[in-house]
Amino acid sequence: MIVKQSASRQECRDGIQFIDFGKDAYGRLEVELTGKGGERIELAIGEVATNGRLNRSPGGYRCFKKMNLILKSGSHHYAFDIPKHIALRPLLPNCYPPEEAGGEIAPFRYVEINGYSGPFKAERYAVFASFDDNAASFHCSDERLNHVWEFCKYSIKATTAFGMYIDGERECLPYEGDAYINQLGHFCCNASYDIARKTIEHFFEHPTWPTEWHLLTPILARDYLLYSGDAESIARWLPELKEKLLLQHIGEDLLLRDISRIRGDVRIRDIVDWPEEERNSYEFGEINLVPNCYHYGALLAMYELSGDDFYLKRAATVKQAICGTMLENGIFVDNPNSNHTSLHSAMFSIRFGIADTAEYPVLTSLIRAKGMACSVYGAQFLLEACYRCGLADHALHLMTDNGLRSWQNMLDKGATITMEAWDNSCKPNQDWNHAWGAAPANIIPRGLCGIRPTAPGFQTFELDPQIASLKEISLMQPTRHGPIKLEIQNGKLNLSIPEGIHGSYRKRILNSGNHVIPL
């Protein structure tokens, strides 16, 4: 859909008209200007402002574009000419804006009109997929978390412009790692599944290079089924999903190898986290813990999708092999020849269920000590691990922190869509429109509020809220049956469930209607 938007703020200073649309969005710009004819002016758009002016050197792939105009006599409309996006990876197909966008689009919040002081009107034609702003809501007793929620929710909406989950303007491509976070956030903000289906199907033809992101594809499909209920697509995808398990790279010990370290073939290679500086000094080997954790998770996802016991039995054997080679004195190491335990080894072993509760005390102590020693992508799995092993207080602290590696830092720097990295200093070439940085959009509903589907199409769900020190919360989770509404206040839980859904709460079955259950 195309949304025509007017400026939320504008001012003229030193002959420059400065226009602020309030939030960043993919779109195009039109202005109405009046002239005698022949005047030369400059139009500029961008994402970053400094001291009340458009930052003309924002660095990296933060958007700044400009064009020169010669005015006609009288009042006329002028469209900003956005240059065609240049693919950084020409071997992979770019995503293109929808036809109704009327041409190329770019992410921008600010506009400057230089050399013009007459009357004007500026309108942004923002491009979004269909998105119901009222489908999901969250509010709690901590205003910091409320701001983070709204920030991440808008980031999900703002990055739907291309009809698939893209990785930001810098490359404008779907990546499985980005899609995992983006898809879950979309499911938690809208009962809409077309973009997810198209993105998953894209990966069958155009997989990306990380080992772990091939393995994410069955997990993407499993999550898609749980939220959408689209069993027909799953049945069609199953043969191709099996290929994503990379079984050809498994050794006799059933552990996954990094073939880039064996044969120098870099078409598939282990990533752990990205950018490289965010790996917490992870020690790579021929066999690595993190991709093998993904492999275990992918096998379980395939079992859930297919019902084939082969995957369940293989997963149990893989877990045994991982623990037999990379569990040293109660703690997981980065690879079988390493004595080092990165944050990633601790969090992924918990997140994917490789670690048993007996290993939790040592692993959780390490997780607390290391803080947010991972990327915005890794933060998704760190927070998932926290809610899996009883670190709800730590997860809440991470989501409301105001340090360099925080969502508040992104907001403080002026971003209105989540960044590709925690800060420009963490990734100088980053863009400012990257939904893989929007983990709280799904972590708050799924982890903190604890609402997760357990059967296709949200026919059943589990409710396991972990609100830590929060005094009250309210959440509306969209489903294909209607919204689930949750409130916790004064130690009591109020839950409203639409017809067609059953939920379990600490082994209690909740039928349709309203319920008040003491915590």
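In a fully extended conformation the segment linking residue 30 and residue 147 would gain 39.1 nm over its present Cα-Cα distance, using 0.36 nm per residue.
For the peptides 472-482, 34-44, residues were scored by their other Cβ atoms within 10 Å and the scores averaged per peptide; the highest-first order is 472-482, 34-44. Normalised Debye scattering of the chain at q = 0.09 Å⁻¹ gives log10 I(q)/I(0) of -0.66, counting only Cα atoms as equal scatterers and leaving out solvent. The angle between the Cα long axis of helix 376-388 and the main principal axis of the chain comes to about 40°, on a 0 to 90 degree scale.
Report the FRET efficiency, 1/(1 + (r/R0)^6), for residue 201 and residue 1, where r is their Cβ-Cβ distance and R0 is 25 Å, rounded to 0.05.
Working: r = 22 Å, r/R0 = 0.89.
That pair, residue 201 with residue 1, gives E of 0.65.
According to the Cα-based calculation, Rg over Rh for the range 116-183 is 1.10, with Rh computed by the Kirkwood formula.
Would the range 424-468 count as rounded, prolate or oblate if I go by the C-alpha gyration tensor, calling it rounded below 1.5 in a/c and otherwise prolate when a/b exceeds b/c, oblate otherwise? It comes out oblate by the Cα gyration axes.
For each pair in 23/427; 370/413; 36/121; 153/492, compute the distance between the two Cα atoms and list the pairs where it is over 19 Å.
On the way: 23/427 22 Å; 370/413 24 Å; 36/121 17 Å; 153/492 27 Å.
In this structure, 23/427; 370/413; 153/492 exceed 19 Å between Cα atoms.
Computed from point charges on the beta carbon alone (+1 for Lys and Arg, -1 for Asp and Glu), the dipole magnitude for the chain about its Cα centre is near 700 Debye. Approximating the spin labels as points 7 Å out from Cα along Cα→Cβ, the residue 402-to-residue 471 distance works out to 1.9 nm. Each distinct pair of alpha carbons in the range 250-390 adds a 1/r term; the inverse of their mean, the Kirkwood radius, is 15.3 Å.
The share of Cα pairs per 5 Å bin across the range 402-489, counted from zero up to the longest distance, runs 3, 12, 19, 17, 13, 15, 12, 7, 2 percent. With the convex hull drawn over the C-alpha atoms of the range 37-181, the volume per residue is 173 Å³.
For the range 235-315, pairs of C-alpha atoms spaced more than 18 angstrom apart make up 47 percent of the total.
All alpha carbon pair distances within the range 165-317 were sorted into 10 Å bins beginning at 0; the resulting P(r) in whole percents reads 11, 40, 36, 13, 1.
For residue 494 and residue 328, what is the calculated FRET efficiency with R₀ set at 41 Å and r taken between the beta-carbons, to the nearest 0.05? Approximately 0.30, to the nearest 0.05.
Eigenvalues of the alpha-carbon gyration tensor of the range 162-214, scaled by 5 and square-rooted, set the equivalent ellipsoid semi-axes at 18, 12, 11 angstrom, largest first. Ordering 448, 437, 411 by the projection of their Cα atoms onto the charge dipole of the range 396-508, which places +1 on the Cβ of Lys and Arg and -1 on the Cβ of Asp and Glu, puts 448 at the extreme positive end. Stokes-Einstein diffusion of the range 290-354 at 20 °C, 1.002 mPa s viscosity, Kirkwood radius from Cα pairs, rounded to a whole number: 178 µm²/s.
Across q = 0.09, 0.13, 0.20, 0.23 Å⁻¹, the range 1-114 modelled as identical point scatterers on its alpha-carbon atoms has Debye log10 I(q)/I(0) values of -0.26, -0.55, -1.20, -1.45, in the order of the q list. Once the cut-off is 24 Å, how many percent of the Cα-Cα pairs in the range 313-432 end up in the long-distance tail? Counting every Cα pair in the range 313-432, those more than 24 Å apart make up 34 percent.
For the range 105-233, the calculated P(r), taken from all Cα-Cα distances in 5 Å bins from zero up to the bin holding the longest distance, is 2, 9, 18, 18, 17, 13, 10, 6, 4, 2, 1, 1 percent.
FYI, it's all coordinate maths here, none of it is from the lab. Just so it is clear, the structure is predicted and the values come from calculations on it, not from any experiment. Ideal geometry is used to build each Cβ from the backbone, glycine not excepted, and the neighbour counts take in all protein chains shown.
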